[in-house]
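I have placed the structure first, in the form of structure tokens, so that the comments after it can refer back to it.
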Amino acid sequence: MARFRILSVAICVFLLPFVAIEANNEDTSDFELVVRGLKEYIPSQNPPDYFNTAMENYQLTHLFREGMEDIYDNPQICYICNLAVDLVILERREGMTRDTLAEEAEYLCIHLGIESRRVCLGVIELNIDAFIYILDNYPDLTSNRICGSVLQTLGCPKGDAYEWSINLPSGNSPDRPKPNDTTDSFKILQLSDIHYDPNYTPNGNAECGEPICCQEDQGEAPSEEAACGYWTDYRDADVPWHLVEETIRQVNTQEFDYVYYTGDIINHRVWETSVTNNTNTISQLYSYFKDSFAVPVYPIFGNHEPHPLNTWPTESVTDEQFSIQWLFELAADAWSDLVGEDIRETVLKGGYYTVSPKPGFRIIAINSNLCYSFNWWLIFEDKDPYGQLQWLADTLKQAEDNNESVHILSHIPTGTSDSLSVWGREYSRIIDRFANTITGQFNGHTHKDEFSVYYNRSEPSQAVGVVFNGASLTPFSLSNPSYKLYDVDATTFALNDYEEWTFNLTLANSQPSTQSPEWYKLYSFVEAYGVESLDAVEVDKVLLKMAEDHSLLDDYFKFKFRNGDAGLAAGCDDDCQKANLCQMATTVFGEDARCNLLLDLYDQK
């Protein structure tokens, strides 16, 4: 994650004045003034004289950045969103042009102070055509469909939208052998969210005010304290190439048999991505992986890889303007080379694949970016994009019949508000049905060291799966760079333990640039939490212990930011600890039974 949280500005900016005022101001006369001004502006394309002043009173600086959505929790926002979206749909139906829609979106984005002028213009220009395509080619489009997706976190009504299911085979997951102390093991390296930034500038401006800082065109740092570090920076910065090289050098001092790369290569300069630049950056990293690792590498997509970011049009979108086939073709070749076998067929279809590195062991790599609520094409078509979840269930059934153990690689976690709830529910059904076949799950995206437990859908107290986040190499934001090493049972392919490795960014940046960072093992999961393995039942015990022993939640908070000075500075109070506890117990957004049970236990201590 750690991303510039942007819906397509072409629509959101129309509802922002409503959101800001209703959520932050009790003066209804001001509210009515801005509402009236917006209603006059959109049909006429001429802002009334009072409108600029009204907007200047309600600046929405960095509205789409991480965490800002938590501020806008007023239930009336859903109503206001529907009102605003209906107005936009009507105006487009009555002939509003593409240029007019873009100009109005830019005007509102800039005057509301959401981002700088160049960021507003760049992001809108990248997204406006997709939004217009959806408006023009979805005759029954409703505001419920839009608001119910992009404002899922507020519980906005979806109406009849976003309701579908896949077919699962009958029966239960058969029992599989359990690990024993005498079984051999092997190692898996997990890297995630590198976000390589070709524009990273040491000693640049780390307080730039834009979605990503330390860029060569953002001027000099106003003070020594505001200067970007050599290796990278806690303050909304990504990764220079010399940190990529340093990390690969360091991980190669370890022993491992496979590499899992759980997505996100492109940096957070989201307002000016291009097919050419993305292709060059992606190719550079994959080539470096191939040259640097003597073992197979299993990559997946992050949400930043396409152009524009987050956009994954389905097969029914035939307009070449929106095609991301270039990305699938790039990955089909590069991934086949890294994996060591031809996986082109399903990669070309939707960016997913499966391989069997050794007898009895299968890896399934999926493209979970298709569930991302900021993927605008879900508004157009959301039912199991690319047929991927059905393919996942069918592939797991074949693995079950062949007595194989499976690891699943994914990017987007399913339990957050960013993950479309119906997709998360169907994925959770799959995990439940094949619980004993799936012996490992790995994701990325959040840039935090996190894990979440899946529970039996008919017996919510029974843990059936657990997914581990690979954290990230980028510090974006507040965290130390890191990677993970998993110890895996060589017979059952279950996860015995993992270690996380990191270095202190403050210390590294204070030393000469010729000196490598001082990497160290931050913790072992089994040692830190006092369990026997990473089995779902064992990890569920950790949650129960955390609810009673809050010092374990202090440890979790430290590990979450990889002991990063900036992340730990804010501390973690009761509300923070409860939020972390619920995150670990939630894998379908809106399903909070296990969360509520843990909170009850927490409050008793």
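The values are calculated or read from the model by the stated rules, or taken from the named source; none is laboratory data. Because the structure is a prediction, the values reported are computed rather than measured. Positions of Cβ are backbone-derived with ideal geometry, glycine not excepted, and every protein chain shown enters the neighbour counts.
A few remarks follow.
- Every residue from the range 107-116 that is assigned to a helix (DSSP H, G or I) and either in contact (Cβ under 8 Å) with a residue 40 or more places away in the chain or of a type in the set (S, T, N, Q) (or both): Tyr107, Leu108, Cys109, His111
- Flag for Ser472 being in a helix (DSSP H, G or I) and either surrounded by 22 or more Cβ atoms within 10 Å (Cβ to Cβ) or touching a residue at least 24 places away in the same chain (Cβ under 8 Å) (or both): no
- Which listed residue, of Ile430, Ile412, Ile438, is free of Cβ contacts under 8 Å to residues at least 60 places away in the same chain, aliphatic (A, V, I, L, M) and in the same structural domain as Phe361 (by TED's automatic domain parsing): Ile438
- Restricting the range 334-367 to residues that are among the polar types (S, T, N, Q) and out of contact with any Gly (no Cβ under 9 Å at 6 or more places or on another chain), the residue that is nearest to Ala494 (Cα to Cα): Ser356
- Those residues of the range 183-198 which are out of contact with any Asp or Glu (no Cβ under 9 Å at 6 or more places or on another chain) and over 17 Å from Gln254 (Cβ atoms), in sequence order: Pro198
For (1) within 27 Å of Glu591 (Cβ to Cβ); (2) in a strand (DSSP E or B), each residue gets a yes or a no:
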{"residue": "Val453", "(1), (2)": "yes, yes"}
{"residue": "Pro460", "(1), (2)": "yes, no"}
{"residue": "Thr492", "(1), (2)": "no, no"}
{"residue": "Asn496", "(1), (2)": "no, yes"}
{"residue": "Glu500", "(1), (2)": "no, yes"}
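- As a summary of the residue check, Gln398 satisfies the conditions (1) crowded, with 19+ Cβ neighbours inside 10 Å; (2) free of Cβ contacts under 8 Å to residues at least 12 places away in the same chain; (3) of a type in the set (S, T, N, Q) except for the one numbered (1).
- Residue in the range 353-375 that is among the aromatic types (Phe, Trp, Tyr), closer than 15 Å to Glu315 by Cα and touching a helix residue (DSSP H, G or I) at 6+ places or on another chain (Cβ under 9 Å) present: no
- In summary, Leu409 fulfils each of the numbered conditions (1) surrounded by 19 or more Cβ atoms within 10 Å (Cβ to Cβ); (2) within 25 Å of Pro460 (Cβ to Cβ); (3) at pLDDT 95 or above with the single exception of condition (2).
- Residues that are under 30 Å from Trp376 (Cβ atoms) and surrounded by 13 or more Cβ atoms within 10 Å (Cβ to Cβ), drawn from the range 166-193: Ile166, Leu168, Gln190, Leu191, Ser192, Asp193
- Residue among Asp99, Asp129, Asp160, Asp136 that alone is free of Cβ contacts under 8 Å to residues at least 40 places away in the same chain and part of a helix (DSSP H, G or I): Asp99
- The lone criterion from (1) under 25 Å from the mean Cα position of the chain (by Cα); (2) over 22 Å from Leu126 (Cα atoms) left unmet by Phe328 is number (2).
- Screening the candidates Gly424, Gly415 for the property of being under 17 Å from the mean Cα position of the chain (by Cα), more than 26 Å from Val123 (Cβ to Cβ) and at pLDDT below 95 yields one hit, Gly415.
- When residues of the range 84-109 are limited to those that are surrounded by 15 or more Cβ atoms within 10 Å (Cβ to Cβ) and β-branched (Val, Ile, Thr), the one nearest to Gln45 (Cα to Cα): Val88
- Test: residue in the range 531-548 that is surrounded by fewer than 19 Cβ atoms within 10 Å (Cβ to Cβ), within 21 Å of Phe476 (Cβ to Cβ) and basic (Lys, Arg): no
- Some residue of the range 265-276 being modelled with pLDDT of 95 or more and closer than 25 Å to Leu389 by Cα: yes
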